[in-house]
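The structure appears below as structure tokens.
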Amino acid sequence: MDAAGVALFYAFGALALVSALAMVLQRNPTYSAFALVLVMCSLSVIFGLLGSPFIAALQIIVYAGAVMVLFLFVLMLLNVQREVPARAAGGRLRLVAAALVTALVAEVGSVFWRAGLGPAAAGYEASTAKMAALLFSYRYLYAFEATSVLILAALVGAVVLARRSAQ
Amino acid sequence: MNEPLPLTPLQQAIVSTLQVLLIFAANLGLFTAITYVERRLLAFMQFRLGPNRTGPFGLLQPVADGIKLFFKEELMPESATRWLFFLAPALSVASAFLALAVVPYGAPVVLPRWGLLPAWLQGRSFPLQIADLDVGLLYIFAITALGVYGIVMAGWASNNKYTLLGGLRSSAQMFSYELALGLSWVGVIMLAGSFRIQDIVASQQGFSWGLPNWNVFRQFPAFVIYLIAATAECARIPFDLPEGEAELVAGFHTEYSSMKFAMFQMGEYINLITVSALASNLFFGGWLSPIAFVPASFFWFLFKVLAFLFFFIWLRGTLPRFRYDQLMQFGWKLLVPAAAIWILATAGFLAFGPAARVAVLD
């Protein structure tokens with residue numbers, strides 16, 4: 001990446017973090033949804049800067065284009081105005097939360113420790129066709145297809161559950 | 001002839017800026033022209049005259065409309081969510097223009113060696129395209145997906161039941177037909193072996209049995225699916241339910257006035273241009289010529305785009321509107337399965353047909 005690329009990388013990284021925070025802290029669910037869309041878009045720009053336009057496009061098509069539209073659709077249909085704040089959690093729950101946060105920080109820290117903060121995957125040029133060929137190669141095909149069957153099973157399950165409750 | 005030197009960053013910036021401005025201005029001009037032509041053509045189809053008072057043949061009507069919209073009072077509902085209400089039209093028009101960035105308009109232009117041009121520009125060739133992305137079609141798909149948010153935001157932020165219903169209808173419709181739209185491209189992508197629109201146009205070169213090798217002949221079902229889904233994506237008649245005036249006042253843009261309303265209109269027409277340009281590039285050989293001895297040129301492309309625009313106006317003058325349940329049934333139960341079956345057929349032809357290529361995997 002050149003200097004402009006690095007600047008854009010940090011700008012959109014910051015935007016992703018800020019909008020992720022906004023998503024969690026926001027009380028209005030519709031705002032949260034819009035903030036999440038912004039997170040997806042900034043992540044997509046970062047993927048693009050890292051030399052992977054294919055993932056960048058998929059990030060927007062799948063998450064911003066499909067998943068979040070459905071989220072918003074439901075939010076608007078139900079016309080949720082404001083999140084009802086839950087009562088302050090008890091001391092035991094706070095302990096669990098603190099333990100989980102520590103575990104998460106340790107995990108992220110260990111990843112950074114092992115990877116280092118240098119210019120990691122720079123210079124990796126992948127064309128879309130090459131990437132598709134890799135994805136459908138014998139190495140990844142099985143996992144790829146198994147995932148899609150899993151998603152299909154979840155979909156069928158959701159339809160069955162929805163039908164049963166409608167009767 | 002020696003290879004021209006690579007451009008300095010400053011020169012590159014100048015060239016890119018000019019490219020963007022030129023393409024932006026050309027599309028704005030086309031947008032202005034369509035608003036006039038559409039009203040006139042619709043009028044003729046309905047045995048009326050249409051706008052014919054402003055300037056010769058009413059040609060200055062778009063200018064008058066623009067001035068009127070600029071000076072209209074801007075209204076905003078008191079209970080609206082202010083920043084989303086402002087953001088929505090901007091998002092809608094920006095996403096429309098962003099999609100145009102990867103559309104190629106013709107073969108690269110080679111500048112002549114005139115004395116008037118700066119020396120570093122002479123004899124250099126420039127593509128008639130802002131960004132030649134490796135994932136061109138996917139990029140367009142992603143940007144159209146973002147365009148939905150402008151509409152959803154407008155419908156929600158206005159805080160009005162009609163706009164909300166209009167926004168919901170739009171998002172459901174665009175979401176459903178985007179699927180068919182994307183699937184209709186797959187056959188074309190498989191034939192070309194690339195997402196790059198330049199490659200897809202190049203794959204349609206040549207003639208067989210006196211006909212050009214255009215995808216409209218090789219991929220006719222995909223073309224029909226594309227045309228229907230694209231009409232629905234642009235919310236044109238017969239798919240203009242999002243703004244069905246009889247039941248929803250004006251749909252998601254009911255509360256918008258003045259230039260904000262104009263921005264929504266502009267976004268819609270720019271989307272229409274994008275859709276027509278894509279139809280020409282993907283299915284009608286872009287700037288390639290249909291006659292063997294006539295060279296390919298930008299004018300072929302322009303002619304094809306204008307023909308598609310005329311077709312969409314013609315549709316609007318001819319067809320009634322769908323009912324909402326018909327729209328959803330048609331999209332999900334007919335268009336999507338048909339597109340999927342056609343993909344299978346194309347894949348089978350490529351794998352086992354006369355020109356079967358052995359895919360090279362790692």
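With the cut-off at 1.5 for a/c, could you classify the protein assembly as shown from its C-alpha gyration tensor as rounded, prolate or oblate? The shape class here is rounded.
Couplings 3J(HN,Hα) of segment A:43-57, computed from phi: 4, 4, 4, 5, 4, x, 5, 7, x, 9, x, 5, 5, 4, 5 Hz, in residue order, whole Hz [Karplus 6.51 cos²θ - 1.76 cosθ + 1.60, θ = phi - 60°; x for Gly and Pro]. For segment B:51-63, the Karplus equation 6.51 cos²θ - 1.76 cosθ + 1.60, evaluated at θ = phi - 60°, returns couplings of x, 9, 9, 8, x, x, 6, x, 5, 8, 3, x, 5 Hz by residue, with Gly and Pro reported as x. Here B:K260 is the anchor, and the lysines within straight C-alpha reach of less than 25 Å, apart from those fewer than 8 places off in the same chain, are B:K68, B:K72, B:K161.
The alpha-carbon atoms of segment A:1-84 define a convex hull whose volume equals 65 cubic angstrom per residue.
Mind checking the full-extension length gain between B:L75 and B:S208? Use 0.36 nm per residue of separation minus the Cα-Cα distance, one decimal, nm. Between B:L75 and B:S208, full extension yields 42.0 nm more. Every helix of 4 or more DSSP H residues in chain B counts as -39500 (n - 2.57), and over all residues that averages to -20000 deg cm²/dmol at 222 nm. When segment B:8-95 is described by a simple charge dipole with +1 on each Lys and Arg Cβ and -1 on each Asp and Glu Cβ, the residue from B:P62, B:L21, B:P51 located farthest towards its positive end is B:P51.
A simple spin-label model places pseudo-atoms 7 Å from Cα toward Cβ; at A:F71 and B:A340 they are separated by 2.7 nm.
For chain B, the relative contact order works out to 21 percent when only alpha carbon pairs closer than 8 Å and six or more residues apart are counted. Note on A:L21 and B:T8: the model spin-label points, each 7 Å out from Cα along the C-beta direction, lie 4.2 nm apart. Applying 1/(1 + (r/R0)^6) with r as the Cβ-Cβ distance of B:L28 and A:A11 and R0 = 22 angstrom yields a FRET efficiency of 0.15.
Note down the net charge around B:M76, summing +1 for each Lys or Arg and -1 for each Asp or Glu among other residues with Cβ under 11 Å from its Cβ. Local net charge: -2.
Give me the distance between the Cα centres of segment B:323-348 and segment B:281-300, rounded to whole Å. Here the two parts' Cα centres lie 30 Å apart.
The H on the amide N of B:V109, modeled in the peptide plane, is under 5 Å from the matching H of B:F126, B:L128, each at least 5 residues off or on a different chain. Quote to one decimal, in nm, the extra length available between B:R82 and B:F217 on full extension: 0.36 nm per residue of separation minus the C-alpha distance between them. Full-extension gain reported as 43.6 nm.
Model label points for B:S16 and A:L95, set 7 angstrom from Cα along the Cα-to-Cβ axis, are 5.7 nm apart.
Multiplying the residue separation of B:I291 and B:A90 by 0.36 nm and removing their Cα-Cα distance gives an extension gain of 68.1 nm. Taken over the Cα atoms of chain B, the convex hull encloses 203 Å³ per residue. Think of the protein assembly as shown as having a plus end and a minus end, set by charges on the Cβ of Lys, Arg, Asp and Glu; of A:F34, B:L272, B:V188, A:F34 sits farthest toward the positive end of this dipole.
Just so you know, all these numbers are worked out from the coordinates, no wet-lab data involved. What you see is a predicted model, and the numbers here were worked out from it, not measured in a lab. Neighbour counts are summed over all protein chains in view; Cβ atoms, including those assigned to glycine, are modelled from backbone coordinates with ideal geometry.
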